[in-house]
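First comes the structure, then the notes that go with it.
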Amino acid sequence: MIKKSECDQLNTSGEGGHAHMPNAAEALDCYLSIAQAIAGPTDYELVLENFANRLRALIAHDHLDIVLLHPKGTQICYEARMHTSWSHTQKLATPTEESPIRDVLRGDVAHILTDDAWTDPVFHFEGSDSKPIFEADLRSRIVVPLRVQGELIGSLAISSHKKNFYSEDLIVLAQGAADLVAAYLFALERGKEAKDSAVAELEATGRERTLRIGALRLTEGMERERQRLGMDLHDQTLADLSRIRRRMSRVEGGPKAAMDEIAAILNELDHCLDEVRGIVEDMKPGVLQLFGFSEAVEAHLQRCLKNMKRRIEMHVEDTSNGKMDDLEDTVRTAVYRIVQEAVNNALKHGECSRIDVRIAQSNSNLTVTIDDNGTGIQDTDLQSRSGISNIKTRTDLISAQVFFERLDGAAGTRVMIVVPMDTENVECDFA
Ligand SMILES: Nc1ncnc2c1ncn2[C@@H]1O[C@H](COP(=O)(O)OP(=O)(O)OP(=O)(O)O)[C@@H](O)[C@H]1O
Ligand SMILES: [Mg+2]
């Protein structure tokens, strides 16, 4: 049975029977509005409905589904706009092998783009649960993976009743939206698991207060991240965009001059889009809250390395038994930000081929050491008013110490942060 939602009244087509291709500013507005709309509700249906409503400004569609992988080769499907027999309300968990989009769910392909799902053999194979494609009249489809920290957690499928509706260019926008919602759904899932186990603990021990405080912290953390994302997009991305607009308004002269200028603008746009992707990625220090310090550092390193052209070895070692996660959250976040900047510097300036991050306990302190084997920092660099100055401010605020050292023997740079473990009395509102 298929139910159409009221949102179907909205216009779903672009000009000339093809989906409209948004420009960079529209895409940014839409990502921001998606982030705002999904970071509130904790109910999957509502998250998806809000997501679909906002995504519509970016990619017109008649049906949207999110599939989340579950253990033992099964999956759950959440739908927006129209509800088919794929919906979790009809079948709780279905085998991934029977899914018409199993190629994406198994990680065999990077995405699926089809002009007509009715006839595209990719959806129709022996045992395929493809009936809803006909029932819901799904023709053009884009299917992209949902990933968190590189791990596949499901898929996002965007479908239209029209044939030949979506173009190749929309895939990257769909993937951006998928990355945005994946992080949130994952955090929601983990939050739900954490809450369930806390409830079980509560029943066993009757510690109501612990549960209340835990839930409060989770909410505060999510709220803080939302605000930070808004600020980052405002301060960084909007400033970039206005500069680009100003440059565009100066385009004049012959075709050669115009072409040169446009090429430069395109370059800037690429850079700007990279920044937005970075911010959206950074929106997930959920990893810090959910998995802890060393996982978050490792995730940051992996993220950076993905964008590097040269090969760099990296190593994260924690011999403190996860003690960093016992510190105040604000202290831990500040240390994480310091490590991020030190790693960024090593990659940006050091021309290194190896980065080692070590977390260790020594007496009543925790030390984090970031070593690279690059060109080595100079004494004069320490007068910097940028990243290094931020590092010093952050360490002061959490009553920690930072040392920069040029590694003469092996060459390279060492940044060492020493954090006192007794931070009970440290007042800190900076992270
Ligand atoms: N690991 C490193 N290896 C070599 N040089 C470094 C390293 N870290 C920092 N430096 C030097 O120190 C300078 C100051 O670093 P800092 O982080 O303060 O500024 P930046 O990275 O140039 O700018 P920003 O952080 O604002 O983007 C850098 O320009 C670079 O010359
Ligand atoms: Mg820097």
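The values are calculated or read from the model by the stated rules, or taken from the named source; none is laboratory data. Everything numeric in this text was worked out from a predicted model, so none of it was measured. All Cβ positions, glycine included, derive from the backbone under ideal geometry; neighbour counts span all protein chains shown. Heads up: the accessible areas ignore ligands, DNA and RNA and are worked out on the full protein's heavy atoms, side chains in. Shrake-Rupley method; radii C 1.70, N 1.55, O 1.52, S 1.80 Å.
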## Note on the structure
Residue pairs within 8 Å by beta carbon, gap of at least six or interchain, first lying in the range 378-399 and of a type in the set (D, E), second open to solvent by less than 40 Å² (accessible area, probe 1.4 Å), listed first then second, are D381/I388
### Task
Search the range 405-420 for residues being near ligand 1 (Cβ under 10 Å from one of its atoms), open to solvent by less than 50 Å² (accessible area, probe 1.4 Å) and at pLDDT 95 or above, and hand back the single one that is farthest from H349 (Cα to Cα).
V415
### Task
Filter the range 103-119 for residues that are touching a residue at least 12 places away in the same chain (Cβ under 8 Å) and either under 28 Å from the mean Cα position of the chain (by Cα) or surrounded by fewer than 18 Cβ atoms within 10 Å (Cβ to Cβ) (or both) and give the result.
D103, V104, L105, G107, A110, H111, I112, L113, T114, D115, D116, W118
### Message
Residues to consider are R81, R56; find the one that is in contact (Cβ under 8 Å) with a residue 40 or more places away in the chain, within 21 Å of K162 (Cβ to Cβ) and touching a Ser or Thr at 6+ places or on another chain (Cβ under 6 Å).
### Response
R81
### Task
Check off (1) open to solvent by 40 Å² or more (accessible area, probe 1.4 Å); (2) at pLDDT 90 or above for T84 and give me the number that stays unchecked.
(1)
### Task
Identify, from the list V339, V335, the residue that is buried (at least 20 other Cβ atoms within 10 Å of the Cβ), closer than 18 Å to V415 by Cα and within 16 Å of ligand 2 (Cβ to nearest atom).
V339
### Message
Is it the case, given these coordinates, that T319 is away from ligand 2 (no atom under 16 Å from the Cβ), more than 27 Å from the chain's Cα centre (by Cα), hydroxyl-bearing (S, T, Y) and open to solvent by 60 Å² or more (accessible area, probe 1.4 Å)?
### Response
yes
### Task
Check I153, I158, I142 and return the single one that is in a strand (DSSP E or B), among the β-branched types (V, I, T), open to solvent by 20 Å² or more (accessible area, probe 1.4 Å) and in contact with a Phe, Trp or Tyr (Cβ under 9 Å, 6 or more places away or on another chain).
I153
### Message
Going by what's in this entry, would S353 be described as hydroxyl-bearing (S, T, Y) and away from ligand 1 (no atom under 12 Å from the Cβ)?
### Response
yes
### Task
Tell me, please, whether a residue that is among the small types (G, A, S) and more than 8 Å from ligand 1 (Cβ to nearest atom) can be found in the range 333-341.
yes
### Query
Within the range 351-373, is even one residue of a type in the set (S, T, Y), within 29 Å of the chain's Cα centre (by Cα), away from ligand 2 (no atom under 16 Å from the Cβ) and closer than 15 Å to F293 by Cα?
yes
### Query
Out of the residues in the range 374-392 that are within 9 Å of ligand 2 (Cβ to nearest atom), within 28 Å of the chain's Cα centre (by Cα) and small (G, A, S), which is modelled with the lowest pLDDT?
S386
